[in-house]
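Please read the structure below before turning to the comments.
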Amino acid sequence: METVFTVQTRGPGLYEITSQVSRWLSGQGGGVVTLMIRHTSASLLIQENADPDVQTDLRAYFERLVPPADDPAMSYLTHVQEGPDDMPAHIKAAMMPVSLSIPVSGGRMMLGTWQGIYVVEHRRRAHSRQVAAALIGG
């Protein structure tokens, strides 16, 4: 069983997709759901979904770790034609997961109490992101 989720982003941040994936899996059996983002400047992440400060802090950390290409610390970059946020977005996507595998039992993901699934947008402007999903063994 396969599908593609479309996620509209509004710029950098974490966009939770747990409920969409849960609805799709509802009524299925067990197995493993595999998710893969179909872009090179965004990521997927399992992270805490109870306190929004976690998302704020993660975004701030990665922004400090990999600043925009127009920051003097990034002057070594050569791929800058698509804007100061593009190559840093590729670097962040190379550091973070772009696919996830999650066990499923009784049609429910076996996530922990405070875990949610997020699309992490690394670009400054809005994008329409696609996440491919496949349930294997269900």
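The values are calculated or read from the model by the stated rules, or taken from the named source; none is laboratory data. None of these values were measured; they are calculated from a predicted model. Because the Cβ atoms are built from the backbone with ideal geometry, glycine has one as well, and the counts that use them run over all protein chains shown.
Here is how the numbers come out for the structure above:
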{"read-out": "Those residues of the range 1-20 which are of a type outside the set (Gly, Ala, Ser) and under 23 Å from residue 95 (Cβ atoms), in sequence order", "value": "5, 7, 9, 10, 12, 14, 15, 16, 17, 18"}
{"read-out": "Test: residue in the range 105-114 that is over 20 Å from residue 6 (Cα atoms), of a type outside the set (Phe, Trp, Tyr), modelled with pLDDT of 95 or more and in contact with a Pro (Cβ under 7 Å, 6 or more places away or on another chain)", "value": "yes"}
{"read-out": "Pairs, first within 9 Å of residue 31 (Cα to Cα) and in a strand (DSSP E or B) in the range 103-119, second at pLDDT below 95 and of a type in the set (S, T, N, Q), C-beta under 7 Å, six or more apart", "value": "104/28"}
{"read-out": "Qualifying residue in the range 119-132 (condition: over 15 Å from the mean Cα position of the chain (by Cα), surrounded by fewer than 17 Cβ atoms within 10 Å (Cβ to Cβ) and not charged (D, E, K, R))", "value": "no"}
{"read-out": "Members of the range 21-44 found to be modelled with pLDDT of 95 or more and more than 14 Å from residue 129 (Cα to Cα), listed by number", "value": "21, 22, 23, 24, 25, 31, 32, 33, 34"}
{"read-out": "Only listed residue being basic (Lys, Arg), surrounded by fewer than 13 Cβ atoms within 10 Å (Cβ to Cβ), under 28 Å from residue 107 (Cα atoms) and touching a residue at least 40 places away in the same chain (Cβ under 8 Å), chosen from 38, 10", "value": "38"}
{"read-out": "Selection from the range 100-114 of residues that are within 21 Å of residue 58 (Cα to Cα) and surrounded by 16 or more Cβ atoms within 10 Å (Cβ to Cβ)", "value": "100, 111"}
{"read-out": "Residue that is surrounded by the fewest Cβ atoms within 10 Å (Cβ to Cβ) [pool: residues in the range 13-35 that are out of contact with any Phe, Trp or Tyr (no Cβ under 9 Å at 6 or more places or on another chain) and among the hydrophobic types (A, V, I, L, M, F, W, C)]", "value": "32"}
